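This is the structure, below, for whatever I ask next.
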Amino acid sequence: MSSSYGDLPLRADLVGQEPYGAPQLDVPVVLNVNENPYPPSPALRQAMGAAIQEAAGSMNRYPDRDALTLREALASYLGNGLTAGNIWAANGSNEIMSQLLTAFGGPGRTMLTFTPTYSMYPEYARNTCTSYVTEPRRQDFTVDAGLVLSAIARHSPTVVVITTPNNPTGTCTSLEVIDAVCSATDAVVVVDEAYQEFSQTPAALSLLARHPRLVVTRTMSKAFAMAGGRVGYLAASPAVVDACRLVRLPYHLSAQTQALALVALTHQDELLSRVRQLAQECRSFQDWLRDNGYEVVPSEANFVLFGRFTDRHAVWQGLLNRGVLIRETGPQGFLRASAGKPEEMAALKEALAKINPEGRH
Ligand SMILES: *Cc1c(COP(=O)(O)O)cnc(C)c1O
């Protein structure tokens, strides 16, 4: 799809660029954007409806600009001695990242990430006029402190992003590595833990007390099955939160968003039991792939990167022809599939077995 800007005075660096996004196709089995496949239960839906009705009663007023009640609830969910002053929330962690770059990036400054990684990062950098630089991960897609610190020495970024579990590889980074990096740099170190609830590796939250420039970002899009609600958040020192408050748009988080997020948090036990089930589904799919001759990148998230295909596009298309949508992303020869319901995983395996009977490379 190409756009015509006519003779609009579009920023020069935007001319010729395409809007980002995985295809949103209406097919029976959707496993392409790491969504949680389980819609809210009837009880949760009811509670969400009641909260919206309540919020509607004061829709004439602006929402709580500082989302204090929500931030208190998020702090108590995260534990680790965090309070509302350590938490900031926005419309998805993509808005959180955008606010962080508005505050700590900008013209003449650099953001550093480790590839392959999340394909949205270059967009946040571009939009905030921040230079975007990457360094490759090791062969097994991990990073160690030496790799991160030598990249920092080379590029002098003000913002470094370590994604764990990493998207699209599912690879985790240990606390020891993050601790060592934070101890040796003045940069703001953002640990993107969008998939942390699915993982067995400890969260970086316990390091926050020691490192005032460490920022842990989270989202309700995946574990909390709230991708449609658009809620992301960060945990950091109060100074980082203050910086985000400087650059946020006034009243950025709507009253209904705040209300829905609070309801989801009060149902966290129900939602997190689904998370354990999805993590298990993802592990058994990885076993199935290995047993069937595929190369699998070990994943601690709710998705897995697998291959290696000589023509991955043909495999992706073949699956789509059978009603299964996964993602053509990551290193050449690999595809990424999200963990779905048992019947969705069965459909994916069946389709793969037809297209690629010997897990052909
Ligand atoms: C899905 C994802 C997010 C979450 O984005 P939202 O804007 O909160 O929906 C953040 N980081 C990574 C790496 C992701 O894959």
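Taking Val188 and the conditions (1) open to solvent by less than 20 Å² (accessible area, probe 1.4 Å); (2) among the hydrophobic types (A, V, I, L, M, F, W, C); (3) at positive phi, which numbered condition does it fall short on, given that it satisfies the others?
Among (1) open to solvent by less than 20 Å² (accessible area, probe 1.4 Å); (2) among the hydrophobic types (A, V, I, L, M, F, W, C); (3) at positive phi, Val188 violates only (3).
Here's another thing I want to ask about it. Which one of these does Leu208 not meet: (1) touching a residue at least 60 places away in the same chain (Cβ under 8 Å); (2) within 26 Å of Leu101 (Cα to Cα); (3) within 16 Å of the ligand (Cβ to nearest atom); (4) among the aliphatic types (A, V, I, L, M)?
Evaluating Leu208 over (1) touching a residue at least 60 places away in the same chain (Cβ under 8 Å); (2) within 26 Å of Leu101 (Cα to Cα); (3) within 16 Å of the ligand (Cβ to nearest atom); (4) among the aliphatic types (A, V, I, L, M) leaves (3) as the failure.
Tell me which of these Ser273 doesn't satisfy, since it passes every other one: (1) over 24 Å from Ala194 (Cβ atoms); (2) open to solvent by 40 Å² or more (accessible area, probe 1.4 Å); (3) not charged (D, E, K, R).
The single condition Ser273 does not satisfy is (1).
If you don't mind, there's one more thing I want to ask. Among (1) of a type in the set (A, V, I, L, M); (2) in contact with a helix residue (DSSP H, G or I) (Cβ under 8 Å, 6 or more places away or on another chain); (3) more than 15 Å from the ligand (Cβ to nearest atom), there is one condition Leu70 misses while meeting the rest; what is its number?
(3)
Turning to a different aspect of this structure: Residues that are among the hydrophobic types (A, V, I, L, M, F, W, C), out of contact with any strand residue (DSSP E or B) (no Cβ under 8 Å at 6 or more places or on another chain) and over 24 Å from Gln24 (Cβ atoms): does the range 214-235 have at least one?
Checked the range 214-235: no residue is among the hydrophobic types (A, V, I, L, M, F, W, C), out of contact with any strand residue (DSSP E or B) (no Cβ under 8 Å at 6 or more places or on another chain) and over 24 Å from Gln24 (Cβ atoms).
Let me ask something else about it. Of the residues that sit in the range 227-248 and are open to solvent by 10 Å² or more (accessible area, probe 1.4 Å) and within 16 Å of the ligand (Cβ to nearest atom), which one is farthest from Ile52 (Cα to Cα)?
Per the criteria, the residue is Arg248.
In the range 64-112, which residue that is open to solvent by less than 20 Å² (accessible area, probe 1.4 Å) and assigned to a loop (DSSP other than H, G, I, E, B) is farthest from Leu208 (Cα to Cα)?
Gly106
Here is a follow-up. Of the conditions (1) within 16 Å of the ligand (Cβ to nearest atom); (2) touching a Leu at 6+ places or on another chain (Cβ under 6 Å), Arg312 fails just one. Which one is it?
For Arg312, the failing item is (1).
Further question on the same structure: Is one or more of the residues making up the range 256-265 without any contact (Cβ under 8 Å) to a residue 40 or more places away in the chain and open to solvent by less than 30 Å² (accessible area, probe 1.4 Å)?
no
For the range 117-156, which residues satisfy the criterion of being open to solvent by less than 30 Å² (accessible area, probe 1.4 Å) and within 23 Å of Leu14 (Cα to Cα)?
Hits for the range 117-156 are Thr117, Met120, Tyr121, Tyr124, Ala125, Thr128, Thr130.
Filter the range 8-63 down to the residues that are small (Gly, Ala, Ser) and either at pLDDT below 95 or surrounded by 11 or more Cβ atoms within 10 Å (Cβ to Cβ) (or both) and list them by number.
Once the filter is applied, which keeps residues that are small (Gly, Ala, Ser) and either at pLDDT below 95 or surrounded by 11 or more Cβ atoms within 10 Å (Cβ to Cβ) (or both), the range 8-63 yields Ala12, Gly16, Gly21, Ala22, Ser41, Ala47, Gly49, Ala50, Ala51, Ala55, Ala56.
Report whether or not Ala55 is among the small types (Gly, Ala, Ser), assigned to a helix (DSSP H, G or I) and over 18 Å from Gln268 (Cβ atoms).
Values: among the small types (Gly, Ala, Ser): yes; assigned to a helix (DSSP H, G or I): yes; over 18 Å from Gln268 (Cβ atoms): yes.
When the stated conditions are applied, Ala55 passes them.
The values are calculated or read from the model by the stated rules, or taken from the named source; none is laboratory data. Remember, it's a predicted structure, so these values are computed and weren't measured experimentally. Every residue, glycine among them, receives a Cβ derived from its backbone with ideal geometry; neighbour counts consider all protein chains shown. Surface areas here come from the heavy atoms of the whole protein model, side chains and all, with no ligands, DNA or RNA. Shrake-Rupley method; radii C 1.70, N 1.55, O 1.52, S 1.80 Å.
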